[in-house]
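The values are calculated or read from the model by the stated rules, or taken from the named source; none is laboratory data. Small disclaimer: the values here were computed from a predicted structure and weren't measured. All Cβ positions, even for glycine, are placed from backbone atoms using ideal geometry, and neighbour counts span all protein chains on display. What goes into the accessible areas is simple: the full protein's heavy atoms, side chains included, and nothing from ligands, DNA or RNA. Shrake-Rupley method; radii C 1.70, N 1.55, O 1.52, S 1.80 Å.
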Amino acid sequence: MSRILVVEDESGIATCIVKGLSAAGHTASVVEDGNAALWEARSGEFDLVVLDLGLPGRDGLSVLTELRKEGVEIPVIILTARDGIDTLVSGLDAGASDFIAKPFRFDELLARIRSRLRETGRPESTTLQSGDVSVDVAARRVERAGQVVELTAKEFLLLETFMEHRGQVLSRRQLLSHVWGYDFDGGSNVVDVYVRYLRKKLGADLISTVRGAGYRLGTGG
């Protein structure tokens, strides 16, 4: 399972891409402006970036140029409504791995993503361990104290996110972005509901609440 950063300020397009990537077995997160894109792409948490050029704050070409200047070699597929050979040349010269114009067919975007991921040859993580909790990402298998625990797809992604950020406090907004791929309205309690599901299945001590900040994996390790 690959983690893909989708940088797109049109919520409808971003939601469609995320749903398609999730159906194809990938995990996708969305950011909507260039400054956030630069921060996330530097993090080392993603295998590929789908990058729109027309962004608020900092445009996509500037983001790509800065990443390459810093030596960040993550594959980047440019997604843009801009026409013309000059745009294509500028993007490729800045270090883009590929280029696809809007409007596009999702199956074409997915094929390009698969191709770029194959080129990197980046090994995917297999097992995450924290205390007596073990998550086999490839097999989608969860155990606690040697006992297999069945989780739904969203429960698994939420647990995987906590395991990948052991020791860190994760805000509800961060969890929404990583697991659901887009921001719910401010009054949504979906994160709290799914944390309760995980606690019920894996133990009340699994995740601790950090008042006013969010949640943290509580099994040690």
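Listing for the model above:
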{"item": "DSSP bridge pairs, the chain: antiparallel proportion in percent, nearest 5", "result": "50 percent"}
{"item": "Nearby aspartates and glutamates by direct alpha-carbon distance to Lys200 (threshold 18 angstrom, same-chain neighbours under 8 apart not counted)", "result": "Asp132, Glu143, Glu150, Glu155, Glu160, Asp192"}
{"item": "D_trans [Stokes-Einstein, Kirkwood Rh over alpha-carbon pairs] for the chain, 20 °C, 1.002 mPa s, µm² s⁻¹", "result": "117 µm²/s"}
{"item": "Mean Cβ neighbour count within 10 Å, used as a protection proxy, ranking 195-205, 169-179 highest first", "result": "169-179, 195-205"}
{"item": "Rel. contact order, % - alpha carbon contacts under 8 angstrom, at least six apart, the chain", "result": "16 percent"}
{"item": "Among 40-50, 141-151, 66-76, the order from most to least packed when residues are scored by Cβ within 10 Å on average", "result": "40-50, 66-76, 141-151"}
{"item": "Principal axis dimensions, largest first and in whole angstrom, of region 104-174 by Cα", "result": "44, 28, 22"}
{"item": "Region 1-117 - accessible surface per residue (Å², probe 1.4 Å)", "result": "43 Å²"}
{"item": "Candidate lysines - alpha carbon under 22 Å from Lys102, same-chain residues fewer than 8 apart omitted", "result": "Lys19"}
{"item": "Helix-only CD estimate at 222 nm, as mean residue ellipticity for the chain, using -39500 (n - 2.57) per DSSP H run (n ≥ 4)", "result": "-11500 deg cm²/dmol"}
{"item": "Of all accessible heavy-atom area on region 10-95, the percent that carbon and sulfur account for (1.4 Å)", "result": "52 percent"}
{"item": "Value of Rg/Rh across region 12-78 [Cα atoms, Kirkwood radius]", "result": "0.95"}
